[in-house]
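Asker: Please read through the structure below; I'll follow up with questions.
The values are calculated or read from the model by the stated rules, or taken from the named source; none is laboratory data. Because the structure is a prediction, the values reported are computed rather than measured. As a convention, Cβ positions derive from the backbone with ideal geometry for all residues, glycine included, and neighbour counts pool all protein chains shown.
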Amino acid sequence: MRNIEHKRQLVQTLRDEMKKDKAQSTILPPSKFGLVQITRERVRPEMKISTTEKCPTCDGTGEMKASILLMDEVESHVRFFAKEQNEKRITLNCHPFLEAYINKGLYSTKWKWYFKYKIKVKVNPVFSYHFTEYHFLNSSGEEIKL
């Protein structure tokens, strides 16, 4: 399309047609490559949101929970043991990567848990566990069933 008037007619026709849609949209005039850009707001929320990722243990043949959600899950269990079970000391056996994350830094995650929930958490790395596997033990060394 070389004629500027034809380009204006094209954009105006598109805008007129998009006014019928209840979602707000933006139409940009054709670029130097002849492309017209149309953006449209999302009207309905996305129905399927995937929070899984490929499992590093089985090399992608299955799925696991997203690793970013793993610490939230562990912390919710710690909070449950402190508030509901009135535990003062627990031991967390987990994969070495998770143990390193929990113990890293001067003000580590386990210290945050101590000040927030008043519970001492001892973290032990277990090299035979897969990345998302963890178990809690009470002060007498018995596993706490979740």
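Asker: Would you mention how many residues in the range 102-128 are in contact with a Cys (Cβ under 8 Å, 6 or more places away or on another chain) and buried (at least 17 other Cβ atoms within 10 Å of the Cβ)? Full working, then the answer.
Answerer: Initial filter on the range 102-128 (in contact with a Cys (Cβ under 8 Å, 6 or more places away or on another chain)): 102, 123-126.
Now restrict to residues that are buried (at least 17 other Cβ atoms within 10 Å of the Cβ): 102, 123.
Count: 2.
Asker: On the given criteria, is PHE127 part of a loop (DSSP other than H, G, I, E, B) and free of Cβ contacts under 8 Å to residues at least 60 places away in the same chain? Reasoning before the result, please.
Answerer: On the way: part of a loop (DSSP other than H, G, I, E, B): yes; free of Cβ contacts under 8 Å to residues at least 60 places away in the same chain: yes.
Taking the combined requirement at face value, the residue satisfies it.
Asker: Can you name the residue in the range 59-111 that is in a loop (DSSP other than H, G, I, E, B) and in contact with a strand residue (DSSP E or B) (Cβ under 6 Å, 6 or more places away or on another chain) and, of all such residues, is modelled with the highest pLDDT? Reasoning before the result, please.
Answerer: Here is the first cut: in the range 59-111, the ones in a loop (DSSP other than H, G, I, E, B) are 59-62, 66, 84-88, 95, 104-108.
Within this subset, residues satisfying the condition of being in contact with a strand residue (DSSP E or B) (Cβ under 6 Å, 6 or more places away or on another chain) are 60, 66.
Details: GLY60: 63, ALA66: 69.
Top of the filtered list is ALA66.
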